[in-house]
Amino acid sequence: MPEKRGGHQFFIETWEEKITADYTGLSFAELGKLNYLDFLNLRRDAFIYLMSRTEKGQEYLDNAWRMEQTEPDRAALREKFGKKG
């Protein structure tokens, strides 16, 4: 979700469509004609692209990726703590 800017309480309801339109070059009308799953995939890519453009955004993406992992990175753990046992 985008950060609040300018000290106001307004929220842009179409920000997801806006970043997707900017990323794809499609109009809002063209986006509306897409299959919903195709739109969601493009919206995801647009968000990742937008976030990857800043250092703070890259940190956010790195943390999000790390939190999605369900298996430990055994090689990194061995490198950091050594092999025990």
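The values are calculated or read from the model by the stated rules, or taken from the named source; none is laboratory data. This one's a predicted model, so the numbers in the text were calculated from it and none came from an experiment. For neighbour counting, all protein chains shown are included, and Cβ atoms are generated from backbone atoms with ideal geometry for every residue, glycine included. Just the protein is used for accessible areas: all its heavy atoms, side chains included, with ligands, DNA and RNA removed. Shrake-Rupley method; radii C 1.70, N 1.55, O 1.52, S 1.80 Å.
Applying the criteria of a DSSP loop state and at most 13 other Cβ atoms within 10 Å to the trypsin sites (Lys or Arg not before Pro) of segment 1-69 yields 4, 5, 33, 53. Which of the GluC sites (Glu not before Pro) across segment 1-77 are loop residues per DSSP, with 13 or fewer other Cβ within 10 Å? Of the GluC sites (Glu not before Pro), the ones in loops of segment 1-77 whose Cβ has at most 13 other Cβ atoms within 10 Å are 3, 13. The portion of the accessible surface of the chain made up by carbon and sulfur, rounded to a whole percent, is 53 (1.4 Å probe; DNA, RNA and ligands excluded).
Of 45, 73, the residue with the largest accessible area leads and the full order is 73, 45 (1.4 Å probe).
Under a model in which nothing but the beta-carbon of Lys, Arg (+1) and Asp, Glu (-1) is charged, segment 1-73 shows a dipole of about 320 debye around its Cα centre.
Taking chymotrypsin sites (Phe, Trp or Tyr not before Pro) across the chain, the ones in a DSSP loop with at most 11 further Cβ atoms lying within 10 angstrom of their Cβ are 10, 11. Heavy-atom accessible area, probed at 1.4 angstrom with all protein chains present, ranks 67, 51 as 67, 51, highest first. Averaged per residue, the chain has 91 square angstrom of accessible surface, using a 1.4 angstrom probe with ligands and nucleic acids left out. Can you tell me the relative contact order of the chain? Whole percent, Cα pairs under 8 Å, sequence separation 6 or more. It comes to 18 percent, rounded to a whole number. The label point for residue 14 and the one for residue 81, both projected 7 Å from the Cα toward the Cβ, are 5.2 nm apart.
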